[in-house]
């Protein structure tokens, strides 16, 4: 299931300069410890181990990695309050680093790393990854405003609001994606006319179901529209701007118009994406991790292709919804200079190319190709057309108890768009009253 994933990236030839903290090299006794969200045997584990081995061979700094799995950041939290920490670097999802660890004050602001040149290139880390990816590595407070400087260096990215299809079935779409929602609907209607149910959706994953409404709303009203309505304790914003209803009407048309594959509203993940991979449906709005998830069950010769979620006609396209994985340096790290050196060292092109070839996802460095299936998405990423708005962390409970529940009812066709908006108004008000 997509947004749960973790990965890592790069390194190679030349050493970083003193701008990365001046960690001595080729000196006996220097050590660097990494806690990783990978576990042994995973592609990312093998990749990160290779990076660490190369770094050790090049610099003489011994690297020890502890493979903690998805609970790496959670396991580290208690130690951040102590006088000593068990690791120099934490490798995990951007959300875990910026949302869970950074608020404790236990991570270094590593703005200086972004001004360091990547070995073997003339580019700084900031120039190579771009301001948008750097922004995603910066913590935010409960309102969504940035809080301090960046606390991680990203090495890998994924995007969730992506439309996947089989290039063999739709060769005309390869390199010529629908430019807006009306054009996309025309493709869906053509498939319906052939007796197809064109859309696959694993409705048991609420965040997948919500991709439709949130992407449409983002196109109509902007990336902060959902947060704006959610933070209005009266709930009235949901009913006062027609954009909230318009997005719901577009979802209602899909839900009640027979566009989704049978059983999507009662399926258990990954049943529907597996059906899509066997050509039982035509399109799947999902994340860039999808080809890897269905590789073992896909129809022979399936040609994975994707394009970013289309713009609502007459509006701007919704920016890519991007998550990054990266490394953070602990404030009490025993070897912060070596940790910073590693952060820049791992972003060399050779290893970014491995993000594409081995991890099958989006390299963060501009100009490094992604897998063919998602190159169209990478092109948008390189332009910086990604959503850098950070949803307020304090609204996680609201999303679970109010928005996701009603969005499910909307996309399953249980309520109309008008009912959805009315319920969002009333239940938002009730939610905030319950909070006192």
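Name the single residue, out of those in the stretch 260-278 being more than 14 Å from residue 411 (Cα to Cα) and part of a loop (DSSP other than H, G, I, E, B), that is modelled with the lowest pLDDT.
Here the answer is 268.
Residue 269 - would you say it is buried (at least 18 other Cβ atoms within 10 Å of the Cβ) and within 21 Å of residue 201 (Cα to Cα)?
Spelling it out, it is not the case that residue 269 is buried (at least 18 other Cβ atoms within 10 Å of the Cβ) and within 21 Å of residue 201 (Cα to Cα).
What about residue 187, is it under 21 Å from residue 282 (Cβ atoms), surrounded by fewer than 23 Cβ atoms within 10 Å (Cβ to Cβ) and touching a helix residue (DSSP H, G or I) at 6+ places or on another chain (Cβ under 8 Å)?
So residue 187 fits the description; yes.
Within the stretch 40-57, can you find the residues that are modelled with pLDDT under 95 and in contact with a helix residue (DSSP H, G or I) (Cβ under 8 Å, 6 or more places away or on another chain)?
Within the stretch 40-57, just 47 meets the criteria.
How about the stretch 328-436: which helices (runs of 4 or more DSSP H) wholly inside it have at least 3 residues that are in contact with a strand residue (DSSP E or B) (Cβ under 6 Å, 6 or more places away or on another chain)?
By residue number, 336-345, 349-357, 375-382.
Scanning for something in a helix (DSSP H, G or I) and within 23 Å of residue 205 (Cβ to Cβ), does the stretch 231-243 turn up at least one residue?
So far as the stretch 231-243 goes, no, none of its residues is in a helix (DSSP H, G or I) and within 23 Å of residue 205 (Cβ to Cβ).
Residues being buried (at least 21 other Cβ atoms within 10 Å of the Cβ) and more than 20 Å from residue 317 (Cβ to Cβ): count how many of those fall in the stretch 226-251.
Residues meeting the conditions: 4.
So which residues in the stretch 270-298 are in contact with a strand residue (DSSP E or B) (Cβ under 9 Å, 6 or more places away or on another chain), touching a residue at least 60 places away in the same chain (Cβ under 8 Å) and under 25 Å from residue 357 (Cβ atoms)?
Hits for the stretch 270-298 are 273, 276, 284, 286, 287, 288, 289, 290, 291, 293.
Can you tell me which residue is farthest from the chain's Cα centre (by Cα) among those in the stretch 292-320 that are within 19 Å of residue 207 (Cβ to Cβ) and not in a loop (DSSP other than H, G, I, E, B)?
294
Pick from 323, 343: which is under 19 Å from residue 293 (Cβ atoms) and under 21 Å from the mean Cα position of the chain (by Cα)?
Step by step, each of 323, 343 is checked, and only 323 is under 19 Å from residue 293 (Cβ atoms) and under 21 Å from the mean Cα position of the chain (by Cα).
Answer yes or no: is there a residue in the stretch 143-164 that is modelled with pLDDT under 90, under 30 Å from residue 282 (Cα atoms), within 24 Å of the chain's Cα centre (by Cα) and surrounded by fewer than 17 Cβ atoms within 10 Å (Cβ to Cβ).
no
Determine whether the stretch 384-399 contains at least one residue that is assigned by TED's automatic domain parsing to the domain that holds residue 225, at pLDDT 95 or above and more than 28 Å from residue 305 (Cβ to Cβ).
Looking through the stretch 384-399, at least one residue is assigned by TED's automatic domain parsing to the domain that holds residue 225, at pLDDT 95 or above and more than 28 Å from residue 305 (Cβ to Cβ).
Among the candidates 214, 288, which residue alone is in a helix (DSSP H, G or I) and in the same structural domain as residue 177 (by TED's automatic domain parsing)?
214
The values are calculated or read from the model by the stated rules, or taken from the named source; none is laboratory data. Model, not experiment: these values are computed from the prediction. FYI the Cβ positions are ideal-geometry reconstructions off the backbone, even for glycines, and counts take in every protein chain you see.
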